Amino acid sequence: IVEAAGILREAEKPLIISGGGVFYSGAVFELVSFAENYNIPVVETIAGRSAMLHDHPLNSGPLGVIGSSSANTLAEEADVVLAVGTRLQDFTTGSWSVFGNEKMRLISINAARYDAHKHRALSVVGDALAGIEELGQALEGWKSPESWSANARSLYAEWNSTVNEHSGPTVAVPPSYAHVIGAVNRVCDESDLALTAAGGFPGELCKNWKTKSSGTFDCEFGYSCMGYEIAGGWGAKMADPSRDVIVFVGDGSYLMMNSDIYSSVLTGHKLIVVVCDNGGFSVINRLQNFKGSASFNNQIADSKVESIQYVDFVQHARSMGALGEQVETIDELEKAFVRAKEADRTYLIAVRIQQHQ
């Protein structure tokens, strides 16, 4: 702790990476207070998303491969990085490509010794909450330069302009992932939990979801868990019945595992399920194309059928006792979401979206 405090005191461009361990340790309030006390910008991992509110002046966005330009630019320039409760896996670090300062010093607070020592870090092996509190005591009287945090705010403002441009209201039919996420984000309650897992949603939600309250983002992306979404949403609703759980799921993942819609109806754990139908496994198709292959069997349009047959997701959900409706526009989606909020059971909203994004 003493050595870590000494390194931070010499920093001109310090940066905090907030990981999932901040939640597991119950250290959200302490991490935010630490950042405020010492004027240090904060970027978040996938598991660490929603520790900070979207509009907090020290929030600099999500970091990594599916992160923001603001967070990645700060990581490239930072001379000291304090990683709290994160394994610093490849999606977070871009296989270490997001860090560009050759003289950057890494301090890692982690309860797992293996993760604390990664990437030649100065390791602080221990609980995130205890580590932050002790480091805070050792830093009394010091603050990060205001010019650095002002730069972070400027970069984050630029990033948010991009987000607003791509996820704001639109009359486009079909809309994009970003438009769907932006619409739900605008009309949801502060306490609603956004939950997803696979396909295009992890990247789109990480980039476009604006956190209204802490702990309202769940992205199971460790192994791109197709099928986690509805089952995970049911579990999340059991864990906290007081808030609505919004399950964002693609048509491919929905077809892989959807039976817990029936389970949620039987147990009375209402979900709001938003199905974005892009006609198959579009992300896998895109990966297939990027590797130089022609599209094969990932899109319905490329399958061996004479006429395209789309699934009626609304009727399918209704057959399991849920309610639901099909929408075509963002305006219809926002109105449908209000009806879903008022419903007494699991409610599915299906929307066709752009295939190539």
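The values are calculated or read from the model by the stated rules, or taken from the named source; none is laboratory data. The structure presented is a predicted model; accordingly, all values stated were derived computationally and were not measured. Cβ: placed from backbone, ideal geometry, glycine included. Neighbour counts: every protein chain shown. With ligands, DNA and RNA removed, areas are computed over all heavy atoms of the protein, side chains included. Shrake-Rupley method; radii C 1.70, N 1.55, O 1.52, S 1.80 Å.
Which loop chymotrypsin sites (Phe, Trp or Tyr not before Pro) in segment 171-245, with loop taken from DSSP, have no more than 12 other Cβ atoms within 10 angstrom of their Cβ?
Values: sites: Tyr177, Trp209, Phe217, Phe221, Tyr223, Tyr228, Trp234; in loops: Trp209, Phe221, Tyr223.
In loop regions of segment 171-245 (DSSP not H, G, I, E or B), the sparsely surrounded chymotrypsin sites (Phe, Trp or Tyr not before Pro) are Tyr223.
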Q) What is the gain in length, in nm to one decimal, between Trp142 and Glu158 on full extension, counting 0.36 nm per residue of separation less the C-alpha to C-alpha distance? A) 2.9 nm
Q. So what is the accessible area of the chain per residue, in Å², with the probe set to 1.4 Å?
A. 44
Q | Debye, to nearest 20: dipole size of the chain, +1 on Lys, Arg Cβ, -1 on Asp, Glu Cβ | A | 460
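If you keep only loop residues by DSSP, which chymotrypsin sites (Phe, Trp or Tyr not before Pro) in segment 53-115 have at most 16 other Cβ atoms within 10 Å of their Cβ? Intermediate results must be reported in sequence, preceding the final value.
On the way: sites: Phe91, Trp96, Phe99, Tyr114; in loops: Trp96, Phe99.
Within segment 53-115, the qualifying chymotrypsin sites (Phe, Trp or Tyr not before Pro) (loop, at most 16 other Cβ atoms within 10 Å) are Trp96.
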Q | 3J(HN,Hα) from dihedral phi, segment 265-273, Karplus parametrisation 6.51/-1.76/1.60, rounded to Hz, x for glycine, proline | A | 5, 5, 8, x, 9, 5, 10, 10, 9
Q: Return, for the Cα atoms of segment 240-287, the radius of gyration and Dmax in Å, separated by a comma.
A: 13.0, 39
Q | Calculated on alpha-carbon atoms, Rg and Dmax of segment 1-150 in Å | A | 13.3, 36
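With only alpha-carbon pairs counted, each pair once and no self-pairs, how large is the Kirkwood hydrodynamic radius of segment 1-48 in angstroms? Numbers along the way, then the final one.
Numbers: mean 1/r = 0.0869 Å⁻¹.
About 11.5 Å for segment 1-48.
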Q: Note down the nm distance, to one decimal, between modelled labels 7 Å out along Cα→Cβ at Gln315 and at Glu12.
A: 6.7
Q. What whole-number value in cubic angstrom gives the convex hull volume per residue for the C-alpha atoms of segment 196-272?
A. 88
**Q.** 222 nm mean residue ellipticity, helices alone, for the chain (DSSP H n ≥ 4; -39,500 (n - 2.57); rounded to 500)
**A.** -11500 deg cm²/dmol
Q) What percent antiparallel are the DSSP beta bridges of segment 264-351, to the nearest 5? A) 10
(Q) How are the alpha carbon pair distances in segment 172-301 distributed across 10 Å bins from zero to the largest one, expressed in percent? (A) 13, 42, 33, 10, 2
Q.
For segment 271-331, which trypsin sites (Lys or Arg not before Pro) pass both filters: DSSP loop (anything but H, G, I, E, B) and at most 13 other C-beta atoms within 10 Å?
A. Lys291, Lys304
Q. What length, rounded to one decimal in nm, is gained on full extension from Thr170 through to Thr267, with 0.36 nm per residue of separation minus their alpha-carbon distance?
A. 31.2 nm
Q.
Could you identify which residue out of Gln326, Gln89, Gln288 has the top mean-square fluctuation in a GNM of the chain using Cα springs shorter than 10 Å?
A. Gln288
Q) What nm value, rounded to one decimal, do you get for the distance between Val125 and Ser33 when each label is placed 7 Å out toward the C-beta? A) 2.8
Q: Tell me, rounded to the nearest percent, the portion of alpha carbon pairs in segment 94-186 spaced more than 15 Å apart.
A: 76
Q) Each residue of segment 54-68 in turn: what ³J(HN,Hα) in whole Hz from Karplus with 6.51, -1.76, 1.60 and θ = phi - 60°, glycine and Pro shown as x? A) 4, 9, 5, x, 9, 6, 10, x, x, 9, x, 4, 10, x, 9
Q | Spatial separation of Cα centroids for segment 42-83 and segment 180-238, in angstrom | A | 18
Q: Please compute P(r) over all alpha-carbon pairs of segment 318-357, binned at 5 Å starting from zero, and give each bin as a whole-number percent.
A: 6, 24, 27, 21, 13, 7, 3, 0
Q.
At 1.4 Å probe size, with the rest of the protein present, what percent of the exposed accessible area of segment 262-357 is carbon and sulfur atoms?
A. 51
Q: Tabulate in residue order the Karplus-calculated ³J(HN,Hα) for segment 231-246, using 6.51 cos²θ - 1.76 cosθ + 1.60 with θ = phi - 60°, rounded to whole Hz; enter x for Gly and Pro.
A: 5, x, x, 4, x, 5, 5, 4, 5, 9, x, 6, 10, 7, 9, 9
Q: Name the residue, out of Gly67, Gly235, Gly215, whose mean-square fluctuation peaks in a Gaussian network model built on the chain with Cα pairs under 10 Å.
A: Gly235
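For segment 70-190, which whole percent of the accessible surface, found with a 1.4 angstrom probe, sits on carbon and sulfur atoms?
Working: 2820 of 5790 Å².
That fraction is 49 percent.
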Q) According to a simple spin-label model (label point 7 Å from Cα along Cα-to-Cβ), what is the distance in nm between Glu328 and Ser214? A) 4.5
(Q) For q values of 0.08 Å⁻¹, compute log₁₀ I(q)/I(0) with the Debye formula on a Cα-only model of the chain, without solvent. (A) -0.42
